[in-house]
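Engineer: Here you go, one structure.
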Amino acid sequence: MVNKQPLVLLVDDEEDLCALMQMTLARMGIATHCAYRIAQAKELLQNNNYDACLTDLNLPDGNGLDLVHYVTQHWSHLPIAVLTAYGNMDIAIAALKAGAFDFVSKPVNQIHLEQLLQKAFNRPQKQIINDEDSLENRLLIGRSAPIQQLRTTLKKIARSQAPVFVTGESGTGKEVIANLVHRLSNRSEGPFIAINCGAIPSELLESELFGHKKGSFSGATQDKQGLILSAHGGSLFLDEIAELPLNMQVKLLRAVQEKKVRPVGSEHEIDVDFRVISASHQDLETLVQQGKFRQDLFFRIHVMDLELPPLRERGQDILLL
């Protein structure tokens, strides 16, 4: 049986850019249709069965975010990613919050684009939330309203590449939920790397997270791969992220934003593909106001929220645990 060639809808009013991306995707074995306006994109969506959609944000007859809302409302199974100007993270985050699967910065990096589309094509199409044997029902025990709402939120989050921030009191199962987000996503075959940021001595943090080169400091007798790079192709869970010192927050921001890491003692950066899931029992907004947590990192990791209900609100679910 011959596999069907993927079909992608490109939405951009720059015809030259569309033509260039068509050639690039053709070399990847991906067929494309181009639309230069939102109205044209909607017409094509009505008449074709696409595997993914890529849209610019600045279009002659509207904003690309309008198309994101339209697609998520009418074709919830269709992954849509946005093209953003380099460094315009505010718009990218707004698109992710609106339901975009992911984003890619212009000028488009071919490797990043191919990785994004492969994840879009492999994205879970449907999660059977109410099936008694489903993964989320086996790991997320309970029938109370808060747990049912949590399952609904998980369904949405699992279909995205956006960063996830998990909040909840101690004992509510933040790492279990982070692992479940990973296992329900199209990254489930990749690694799940969990780090307790408060459990690593501050003097070892950079080496543990980013790795190091042999001889880069006393005791570095061989090269070491950092935990972030170990999460390549999968998910990185940063528990108690508020415990990171400010200098490490700067380095983490670059890794999350640019998807690159530089081991201690190295002159070269390494590309890394991971989804970041983070958690804290502290109120990060308060820490931002106090100058103890970077605002730019807060906005970068705080795209999709998962609030875990405290045990006292789970009613009869406690008897099931």
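Engineer: Grab every C-alpha pair in the stretch 153-202, bin the distances at 5 angstrom width from 0 up to the longest one, and report whole percents.
Structural biologist: Whole-percent P(r) values from 0 Å outward: 4, 17, 28, 24, 15, 9, 2, 0.
Engineer: Now, a different point. Lysines within cross-link reach of residue 292: Cα-Cα under 27 Å, excluding same-chain residues under 8 positions apart?
Structural biologist: Reachable lysines: 97, 174, 251, 259, 260.
Engineer: Straight-line reach from residue 155: which aspartates and glutamates fall under 17 Å, measuring Cα to Cα and dropping same-chain residues less than 8 apart?
Structural biologist: 102, 131, 132, 133, 136, 305, 307
Engineer: Let me check I have the definition right: for the stretch 1-101, take the eigenvalues of the Cα gyration tensor, multiply each by 5, take square roots. What are those semi-axes in whole Å, largest first?
Structural biologist: 21, 16, 14
Engineer: Spelling out what I want: for every residue of the stretch 272-285, take phi, set θ = phi - 60°, compute 6.51 cos²θ - 1.76 cosθ + 1.60 (Karplus), and round to whole Hz; glycine and proline get x.
Structural biologist: Couplings: 9, 10, 8, 9, 9, 10, 10, 8, 7, 8, 8, 7, 5, 4 Hz.
Engineer: Mind sorting 299, 237 by how few other Cβ atoms lie within 10 Å of their own Cβ, fewest first?
Structural biologist: In order of increasing Cβ crowding within 10 Å: 299, 237.
Engineer: Continuing with the same structure: Per DSSP H run of n ≥ 4, the term is -39500 (n - 2.57); total these for the chain, divide by its residue number, and report the mean residue ellipticity at 222 nm rounded to 500 deg cm²/dmol.
Structural biologist: Using -39500 (n - 2.57) per qualifying helix, the result is -11000 deg cm²/dmol.
Engineer: Could you put 37, 159, 300 in order, starting from the residue whose Cβ has the fewest other Cβ atoms within 10 Å?
Structural biologist: 37, 300, 159
Engineer: Using a cut-off of 18 Å between alpha-carbon atoms, which aspartates and glutamates can reach residue 214, once sequence neighbours fewer than 8 places away in the same chain are excluded?
Structural biologist: 203, 206, 223, 267, 269
Engineer: A further question on this structure: Whole-Å semi-axes of the stretch 135-320's equivalent ellipsoid, largest first, each the root of 5 times a Cα gyration tensor eigenvalue?
Structural biologist: 31, 18, 14
Engineer: Using square roots of five times the C-alpha gyration tensor eigenvalues, list the equivalent-ellipsoid semi-axes of the chain in whole Å, biggest first.
Structural biologist: 33, 27, 18
Engineer: Please arrange 43, 203 by how many other C-beta atoms lie within 10 Å of their C-beta, fewest to most.
Structural biologist: 203, 43
Engineer: For the chain, can you list the cysteines whose C-beta has no other cysteine C-beta under 4.7 Å from it?
Structural biologist: Here 53, 197 come out as lacking a disulfide-compatible partner, given the Cβ-Cβ threshold of under 4.7 Å.
Each reported figure results from applying straightforward, stated rules to the coordinates on display, with no laboratory input. Because the structure is predicted, anything quoted here is derived from the model rather than measured. Positions of Cβ are backbone-derived with ideal geometry, glycine not excepted, and every protein chain shown enters the neighbour counts.
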